[in-house]
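Heads up, the thing below is written out as structure tokens.
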Amino acid sequence: MNEKPIVGITMGDPAGNGPEITVKALAHADVYDRCRPIVAGDVKMIEQAAHFVGRPDMKIHRCETVSEALFIPGTIDVLHLDLISDVKAFSIGQVSIEGGNAAFQCVKKVIELALSGEVDATCTNALNKEAMNKALEFYRGEMSDGHTHFDGHTEIYAAYTNTKKYTMMLAHHDLRVVHVSTHVSLREACERVKKARVFEVIEIAHKACKNMGIENPKVAVAGLNPHCGENGLFGTEEKEEIKPAIEAARAEGIDAIGPIPPDSVFSEALGGWYDIVVCMYHDQGHIPLKTVGFVYDREKQAWKAVEGVNVTLGLPIIRTSVDHGTGFALAGKGTSNELSLVNAVDYAVRMVNGRKA
């Protein structure tokens, strides 16, 4: 009998809304119909979060190992890492070394669990990059095997899994985007549009779709310049780098299409023309995803939906994540929307099942 996959969820920066989102997401009993979730974090912060969201009825089960988890709806299994010394003194909604270190240690732990086979997939809540890097600098590598800086989750996963070729995928239902570059300046992003890297990302995107059960993925490749450069009038990257990468991918049997003007490719993808879009830089992919996934209700003056999933592709383990920040301004209010985390967990399960198929 195939058991439901075990998903290791990080609590995120405890000064943010990650602990609250975690409690609200795991209050959905149907999550347990699809997987066995366990939270890497601090029991004290999860208990506090349960009160913030008005769910003191949720039982918080402290675990020292994954094997001690109960995986019962109504009970949240927490792999206790004892990260916050004094919950009452810990400041919610503020950048801190303690919070940054806690978030980092949770990520490091779920990576270790995945590499050892104790969990089948990992799912991360948001961390604050400033807080994390302040913590890494403060401890001068003592808590991170010598590392004193990371740009974010993706780079942590790459470092601790020894992965050289990877990329970020964002997804909102069937709209999926991957990136040639992410956290660099726009000037540097343009310089990184090279045939080898574009081809690499097309390959990773194709494989990811196959792993999700898409039999014959259609991979759209966006251009970099307006109108895809108009045959060199507005730039030559399409002619010199992107199109050759597409041709190389097609020679490998990948159904890569493009380059396609960025101002139309996402509408076409939403219409079902493509299974995934290769984007040339961070905002080219993030803006359309967050436009459809983040919905603000004008009349109620509140977020109706904050959805979207972040997936790191190319890793030997599965990592999905919420597609939003730490929500410091919302922390402690109990009003944060948990659907992004629910979707991220579901996506992790889908990827586990796709790899088994």
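So the values come out like this:
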{"read-out": "Label-reachable residues, the stretch 35-59, where backbone N falls under 19 Å from a point 7 Å from R355's Cα toward its Cβ", "value": "35-40"}
{"read-out": "Cross-link pairs K164/K304; K108/K194; K88/K129; K4/K304 - those with Cα-Cα distance over 27 Å", "value": "K164/K304; K108/K194; K4/K304"}
{"read-out": "Set of the stretch 104-130 residues, backbone N closer than 19 Å to the point 7 Å along the Cα-Cβ line of Y32", "value": "120"}
{"read-out": "Inter-probe distance in nm under a simple model that places probes 7 Å from Cα toward Cβ, at A251 and E130", "value": "4.8"}
{"read-out": "Cβ charges +1 (Lys, Arg) and -1 (Asp, Glu), total dipole of the chain, debye", "value": "160"}
{"read-out": "Pairwise Cα inverse-distance average, inverted: Kirkwood Rh of the stretch 167-290 (Å)", "value": "14.0"}
{"read-out": "Cβ-derived FRET efficiency at R0 30 Å, V87 paired with A302, nearest 0.05", "value": "0.60"}
{"read-out": "Rel. contact order, % - alpha carbon contacts under 8 angstrom, at least six apart, the chain", "value": "22"}
{"read-out": "Inter-part distance where the stretch 315-351 and the stretch 249-271 are each reduced to a Cα centre, Å", "value": "28"}
{"read-out": "Relative contact order (%) - the stretch 251-332, alpha-carbon pairs under 8 angstrom, separation at least six", "value": "14"}
{"read-out": "Pairwise Cα inverse-distance average, inverted: Kirkwood Rh of the chain (Å)", "value": "20.9"}
{"read-out": "Stretch gain in nm, segment L115-K333, where the contour uses 0.36 nm per residue and the Cα spacing is subtracted", "value": "74.9 nm"}
{"read-out": "Percent of beta bridges antiparallel (DSSP, the chain, rounded to nearest 5)", "value": "35"}
{"read-out": "CD proxy at 222 nm, helix term only [per DSSP H run n ≥ 4: -39500 (n - 2.57); per residue of the chain; nearest 500]", "value": "-11000 deg cm²/dmol"}
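Bear in mind that the values in this text are calculations on the coordinates, not laboratory data. Keep in mind that what you see is a predicted model, and the values were worked out from it rather than measured. As a convention, Cβ positions derive from the backbone with ideal geometry for all residues, glycine included, and neighbour counts pool all protein chains shown.
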